[in-house]
Amino acid sequence: NHTVANPLITEIYAEGDLTANIDGKKVNAGDVLVFKISYINVSLKDTKVVITDKIPENATLISGSVTHNGVIKAESIKWTFENVKPWETVTAFYKVQVDKNAGAVKIKNQAEGSDVNGKLKANEAVTYTVIDDIVMDVVLSSTPTESAVGKEVKAGDTLVYTITGVSNKFSIVVKNNR
């Protein structure tokens, strides 16, 4: 007796390593991600399955990476598998590159489909990017263009602490003049 929680599964891998699912892990702008969508026929008869997957926001589909004759239409990919045998698994892959100016975002993916039993919805797979260009510095107010890190300061000197983060969506500058 077999039980399958969800016959349609979405997984995310780093290009070159299909052994470690990176769902929930950090990725960087420019990284190539491999999406793997698997379907297992849990019915007792041959079935046709249609799978549709929306290309994630903040990522660009890599030309030529869609497997199993997937059809690209607008911002999604559609696969049709005919005569999938009982307990047979079919799998489709495609690659995206995380946009270089993505900033701090989630890369989300959730395939949908249908089979002899009706509509299917896969688990949601998510990776995220962060802003890595955070710069922290401290300067003396008397020499604001020179870092005071590692330098001697005297009583009465005014220190300016600056934390700066940059992305394509926003800039942050926090200053404390105490």
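The values are calculated or read from the model by the stated rules, or taken from the named source; none is laboratory data. In this text the structure is predicted, and so the values were computed from the model without any measurement. Cβ coordinates were reconstructed from backbone atoms using ideal geometry, including for glycine residues, and neighbour counts include every protein chain displayed. Ligands, DNA and RNA are stripped out before the accessible areas are found, and what is left, the full protein with its side chains, is counted by its heavy atoms. Shrake-Rupley method; radii C 1.70, N 1.55, O 1.52, S 1.80 Å.
Here region 56-67 is the region considered, the condition is being farther than 14 Å from ALA92 by Cα and in a loop (DSSP other than H, G, I, E, B), and the residue that is least open to solvent (accessible area, probe 1.4 Å) is PRO56. If you go through region 68-87 and pick out every residue that is touching a strand residue (DSSP E or B) at 6+ places or on another chain (Cβ under 8 Å), within 19 Å of ASN41 (Cβ to Cβ) and open to solvent by 70 Å² or more (accessible area, probe 1.4 Å), you end up with 6. For the residues GLY156, GLY113, GLY103, GLY150, the requirement of being in a loop (DSSP other than H, G, I, E, B) and open to solvent by less than 50 Å² (accessible area, probe 1.4 Å) singles out GLY103.
Is it the case that region 117-129 has a residue that's surrounded by 11 or more Cβ atoms within 10 Å (Cβ to Cβ) and at pLDDT below 85?
Quick first cut of region 117-129, residues surrounded by 11 or more Cβ atoms within 10 Å (Cβ to Cβ) only: 117, 120-129.
In the following step, the residues that additionally are at pLDDT below 85 were identified as 128-129.
Yes, region 117-129 has at least one match.
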